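The values are calculated or read from the model by the stated rules, or taken from the named source; none is laboratory data. Note that this is a predicted model, so its numbers are computed, not measured. Heads up, the Cβs are rebuilt from the backbone with ideal geometry, glycines too, and the neighbour counts pull from every protein chain shown.
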Amino acid sequence: MADTSAEHPSSIGREAWITGIGLATSLGEGLDSHWDALNSKTVNVDETTFAPHVVHPMTKLTFDAQIPKKGDQRQMEAWQRIGTYAAGLALDSAGIKGNSDILSRTDMIVAAGGGERDLAVDSAVINASIQGNAAPALLNERLMNDLRPTLFLAQLSNLLAGNVSIVHGVTGSSRTFMGEEAAGVDAARIALARIAAGQSDIALVGAAQNSERKEMLMLYEFGNFNLKNKFAPVWERDNGFALGAGGVFLVIESKEHAQARGAKPYAKLSRVVADHARRKAAGDVTTSLDGLWSKLGPVGPNAAIITGTTGAAPVTGEERAFIEKHRDLPVRASGTPFGLALAALSISRGALFPPNDKTGVEIEMAKPPSQIVVVGAGHWRGEGMALVEAV
Amino acid sequence: MTATRDKFGRPIVVVTGMGVVTSLGAGKTDNWTKLTAGESGIRTITRFPTDGLKTTMAGTIDFIPVEPFSSTVLSERLADVAVEEAVAQSGIGSKGDFPGPLFLAVAPIELEWEPRNELARATGLTSGIDYDALLKASGSGHFTGLHRRFLFGSVADHLTETFGTKGSPISLSTACASGATAIQLGVEAIRRGETDAALCVATDGSVNAEALIRFSLLSALSTNNDPPQAAVRPFSKNRDGFVMAEGAGALVLESLESATARGAKVLGVVAGCGELADSFHRTRSSPDGKPIIGCVKNALSDAGMSTDQIDYINAHGTGTPENDKMEYTGISSVFGERAQQIPVSSNKSMVGHTLSAAGAVEAVFSLLTLEHQRIPPTINYDVPDPAIPFDVVPNKARDARVAAVMSNSFGFGGQNASLILTREPV
């Protein structure tokens, strides 16, 4: 059960800085709009389009700004466009957009979903089948005739990374991790481990998700995980998450690499650890999170916690039990897996955004945070934790 | 006392267990016998109706039955078979307690047609069924199992819980290079000193109607349906596409130090890994070959080896007009005149393209090549392509002195990965 990356603290070598952040979510686009939204306690929810399911809808983006060729935009489905857009924002933020020397050495790890389907084609097949017109060739005929050939490329998980390579010229390497919430944690974990060990100098790490998809809601509806009817902050929910939309990318590089090119850090990424509790017994997740916490190194009094807790039961309760053990630290539930970006943003702004919670889990923080622990427990599997610190 | 670090001071990474399953059979023995006999695992598809399809054959694995058929379930079973063989051979850990992390190459998972039609029936409607109706039916509590089954991480969850790997299991996709990437992640983790062992697995059970049609619509598949055994023709002038196939490969990687300490038999060394992404096109390689050239050079430099130390190239060799040409362009640019002398064969001529699994399946075959000092052939090589003057080891296996193999994998989305496998540490 032990996380292997933190068992050998001596192997943690080079310091890694977060030097670029690209954020495009339901709260807006770019760092300022996110900071403003967090400080004004804005939450963007759509309770009607997919009623009774509640989702956080994507901000409308002008894709041309980051994906100049219409042909490229047409080759992507929404989740890829959102991600490619956010990757561009991150490269801009790090000051390496268009710098082919650096981009050709930049290692990319993307945490991906995929599989956006053609709902009309699926429906046509289903209706023909159920009416007994299920000649052997029916499925073949409909799919051969009705599927857009390029749709496959818009569905393939590794084609978000592929599009980032094509549109932004990031070619050092390209790896795509899949596996729900844990994939994002592992993407950051592996990128940091490689940089710390000198296997990589600079990495582009990120993810994208389109919440406004019925087939995506379906997968979670099978397990009764969707938040229904009315939005409520995660700490007030019995069970359920509202799927969030967004693209989030970070540029992470070794301190030496950043200094050599005169890049300013938003924050230092000190640790990323992950675990896979079996979740067979009550308390397994709390134990897993306790174990991860112990691997972070010293967490001081000027620390805060940002959690991506989902609101899903029973895991949110177990995460809350873990957080109760750290009552002295201010906690924020981002409701998203974007915790690393929000932590780096908060550290760079010298403040934690205000609480937005009536249950008392979240408290004010008057002083600037010097450390932020980012916590994530996947709705079904996967626990992760990261330590983001002021440089 | 043998050195346990390479010339760069990194822990030497060795292979102590291997498992493989392909359309040729389950296990190394069966696969190696058939592979070196030049047998093909490609057959006419019987799993689903092929009416109206341009391609009607594939390297399906029908000897491991899954009823009703599900690509995700088959992928998981294939992985189980390969991992059991690999772990048993290595003798590492104890049952259900593998002392290291899991890196799993797996095809992207999504809900399949069988459960989608079941949901449609559950709506109670007989017409006008749309995704609103399906979504409504999904929440009845009758389909909880579908959530567990069709999560992206579900196959990795199963493996990590069955074999007791440690930490957070990683499910990854770099398209047709995925298997090589899984191995590269394991090598890197051991070199960092994070772990003494890693379980690197790649599996693919994707031959279903929709997946076949998706590739067919991209004009990527061979339509040489009759006879199916002659469909895959890597490096031949009359090649016309790849053939989808199923399989799994598993490797137990360990530091040489750890393997030596526990007295494990060393099957080979992963001396180097290289990768480089291509920004040219979603499905095509850059016409100048630069990304492939860079990838191959990265692998050589990671191993600290030169081209004249490579004795055999286990090619990606899909049999598509584009891939094979670009592979020659890339290899000949790096290897110079030696490109026409060094043996270069394609396992895919016999087992088809096992997609996400290919990199690991071919790494296992490369290691078996090192063990047996025998190079599997490229079959169906009857009409040489003058533009690709490789020594493809045509049609018959060949005994040869092989100390180092380069195994290449290239995929959609600009994915390129190369591995260098050796008998002894270099």
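Conditions (1) assigned to a strand (DSSP E or B); (2) in contact with a Lys or Arg (Cβ under 7 Å, 6 or more places away or on another chain); (3) of a type in the set (A, V, I, L, M, F, W, C), marked per residue:
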residue	(1), (2), (3)
A:GLY22	yes, no, no
A:HIS34	no, no, no
A:LEU38	no, no, yes
A:THR49	no, no, no
A:GLY114	no, no, no
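For segment B:99-117, enumerate the residues that are out of contact with any Ser or Thr (no Cβ under 6 Å at 6 or more places or on another chain), closer than 30 Å to B:ALA86 by Cα and more than 9 Å from chain A (Cβ to nearest Cβ). Those that are out of contact with any Ser or Thr (no Cβ under 6 Å at 6 or more places or on another chain), closer than 30 Å to B:ALA86 by Cα and more than 9 Å from chain A (Cβ to nearest Cβ): B:PRO99, B:PHE103. Out of segment B:88-116, which residues are crowded, with 23+ Cβ neighbours inside 10 Å and part of a helix (DSSP H, G or I)? Within segment B:88-116, just B:SER90 meets the criteria.
Any chance segment B:118-128 includes a residue that's surrounded by 22 or more Cβ atoms within 10 Å (Cβ to Cβ) and more than 7 Å from chain A (Cβ to nearest Cβ)? There is at least one residue in segment B:118-128 that is surrounded by 22 or more Cβ atoms within 10 Å (Cβ to Cβ) and more than 7 Å from chain A (Cβ to nearest Cβ).
For segment B:129-145, the tally of residues that are buried (at least 20 other Cβ atoms within 10 Å of the Cβ) and either more than 7 Å from chain A (Cβ to nearest Cβ) or in contact with a Gly (Cβ under 8 Å, 6 or more places away or on another chain) (or both) stands at 1.
When A:THR287 is tested against (1) under 30 Å from B:GLY96 (Cα atoms); (2) touching a Leu at 6+ places or on another chain (Cβ under 7 Å), exactly one condition is not met: (2).
Scanning segment B:188-197 for residues that are in contact with a helix residue (DSSP H, G or I) (Cβ under 9 Å, 6 or more places away or on another chain) and either more than 9 Å from every other protein chain (Cβ to nearest Cβ) or of a type in the set (Lys, Arg) (or both) gives B:ILE190, B:ARG192, B:ASP196, B:ALA197. Total residues in segment B:367-388 satisfying the condition of being at negative phi and either of a type in the set (Phe, Trp, Tyr) or out of contact with any Phe, Trp or Tyr (no Cβ under 8 Å at 6 or more places or on another chain) (or both): the figure is 10. Of the residues making up segment B:247-288, just one is farther than 21 Å from B:THR369 by Cα, more than 14 Å from chain A (Cβ to nearest Cβ) and surrounded by 22 or more Cβ atoms within 10 Å (Cβ to Cβ), namely B:ALA259. Just give me the residues in segment A:144-172 being free of Cβ contacts under 8 Å to residues at least 24 places away in the same chain and within 12 Å of B:LEU218 (Cβ to Cβ), in sequence order. Within segment A:144-172, A:PRO149, A:PHE152 qualify. Inside segment A:272-292, can you point out the residues that are charged (D, E, K, R), surrounded by 14 or more Cβ atoms within 10 Å (Cβ to Cβ) and either touching a Ser or Thr at 6+ places or on another chain (Cβ under 8 Å) or under 29 Å from A:ALA366 (Cβ atoms) (or both)? Within segment A:272-292, just A:ASP275 meets the criteria. Of everything listed in (1) at the interface with chain B (Cβ under 7 Å from one of its Cβ atoms); (2) surrounded by fewer than 24 Cβ atoms within 10 Å (Cβ to Cβ); (3) of a type in the set (A, V, I, L, M), the single unmet condition for A:VAL167 is (1). A:VAL391 passes every criterion in (1) in a strand (DSSP E or B); (2) surrounded by fewer than 18 Cβ atoms within 10 Å (Cβ to Cβ) apart from (1). Is it true that some residue in segment A:241-255 is at pLDDT below 95, more than 21 Å from A:ALA78 (Cβ to Cβ) and either in contact with an Asp or Glu (Cβ under 8 Å, 6 or more places away or on another chain) or not small (Gly, Ala, Ser) (or both)? For segment A:241-255, residues at pLDDT below 95, more than 21 Å from A:ALA78 (Cβ to Cβ) and either in contact with an Asp or Glu (Cβ under 8 Å, 6 or more places away or on another chain) or not small (Gly, Ala, Ser) (or both): absent. Restricting A:THR48, A:THR84, A:THR106, A:THR59 to residues that are out of contact with any Ser or Thr (no Cβ under 7 Å at 6 or more places or on another chain) and within 17 Å of A:ARG213 (Cα to Cα) narrows the list to A:THR48.
For segment A:119-137, does any single residue satisfy the condition of being closer than 30 Å to A:LEU243 by Cβ, surrounded by fewer than 19 Cβ atoms within 10 Å (Cβ to Cβ), of a type outside the set (Val, Ile, Thr) and in contact with a Ser or Thr (Cβ under 9 Å, 6 or more places away or on another chain)? Yes, segment A:119-137 has at least one match. Which of the residues belonging to segment B:1-56 are in contact with an Asp or Glu (Cβ under 6 Å, 6 or more places away or on another chain) and under 28 Å from B:ILE213 (Cα atoms)? Within segment B:1-56, just B:GLY52 meets the criteria. Listed by first and then second residue, the pairs linking a residue in segment A:177-203 that is in contact (Cβ under 8 Å) with a residue 24 or more places away in the chain and within 7 Å of chain B (Cβ to nearest Cβ) to a residue that is in a loop (DSSP other than H, G, I, E, B) and aliphatic (A, V, I, L, M), with Cβ atoms under 7 Å apart and 6 or more places separating them unless they lie on different chains, are A:GLU180/B:LEU151. Within segment B:159-181, track down each residue that is more than 20 Å from A:ALA274 (Cα to Cα) and more than 7 Å from chain A (Cβ to nearest Cβ). Passing the criteria: B:CYS176, B:ALA177, B:SER178, B:GLY179, B:ALA180. Looking only at residues that are more than 7 Å from chain B (Cβ to nearest Cβ) and not in a helix (DSSP H, G or I) in segment A:119-164, which one is modelled with the highest pLDDT? This residue is A:ARG148.
If you go through segment B:99-117 and keep only what is hydrophobic (A, V, I, L, M, F, W, C), in contact (Cβ under 8 Å) with a residue 40 or more places away in the chain and out of contact with any Cys (no Cβ under 6 Å at 6 or more places or on another chain), you end up with B:LEU102, B:LEU104, B:ALA105, B:VAL106, B:ALA107, B:ILE109, B:TRP113.
Among the numbered conditions (1) under 30 Å from B:ALA417 (Cβ atoms); (2) surrounded by fewer than 16 Cβ atoms within 10 Å (Cβ to Cβ); (3) not polar (S, T, N, Q), the only one that A:ILE102 does not meet is (2). The single condition among (1) more than 14 Å from every other protein chain (Cβ to nearest Cβ); (2) surrounded by fewer than 21 Cβ atoms within 10 Å (Cβ to Cβ); (3) in contact (Cβ under 8 Å) with a residue 24 or more places away in the chain that A:LYS295 does not meet is (1).
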